[in-house]
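Laboratory data are not the source of any read-out in this text; all were calculated from the coordinates shown. What you are looking at is a predicted structure, and each value in this text was computed from that prediction instead of being measured. Cβ coordinates were reconstructed from backbone atoms using ideal geometry, including for glycine residues, and neighbour counts include every protein chain displayed.
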Amino acid sequence: MHTSYLQDHKKLMKKNDLKKMLEISGKRAVLGNILPTFRAIAVGIKEPHTLFIKCYLDTPPRNKEYETLSDISAEIIADIDFDQVEEVCEYTTKPLSKLDSFDGFIYVKS
């Protein structure tokens, strides 16, 4: 079975390297996967090797938002071998400056 460089070297990677790869993978994953209700998407790495992804929404979440966030997570997991995924969709009217970016935003509505 073919595995990615990240999967083969997961334990050797420094956390900063993993965060950078998460940022790159996440930004690629959102291409074509953004809904009009998405305000921002933040990602983070929780121990032990868990992907955390949170989508901030303009409206209360519906099935479509959850499904699309899962699609984005799946794209990231195809690049980086996380053991678990935690996905959250949250409706909020807070300004962007008040939202938790965790390890970084991979999408922000302009």
Neighbour-count order for Thr59, Thr68, fewest beta carbons within 10 angstrom listed first: Thr59, Thr68
FRET efficiency estimate (nearest 0.05) - Cβ-Cβ, Leu31 to Glu86, R0 22 angstrom: 0.45
Flagged links, alpha-carbon separation over 20 Å, of Lys14/Lys46; Lys64/Lys109; Lys20/Lys94; Lys19/Lys94; Lys20/Lys98: Lys20/Lys94; Lys19/Lys94; Lys20/Lys98
In sequence order, calculated HN-Hα J values of the range 93-105 (Karplus, 6.51, -1.76, 1.60; Hz; x Gly/Pro): 10, 4, x, 3, 5, 9, 8, 6, 8, 6, 8, x, 7
FRET efficiency, 1/(1 + (r/R0)^6) with R0 30 Å, evaluated for Lys109 and Glu47 via beta carbons: 0.50
Neighbour-count order for Leu18, Leu69, fewest beta carbons within 10 angstrom listed first: Leu18, Leu69
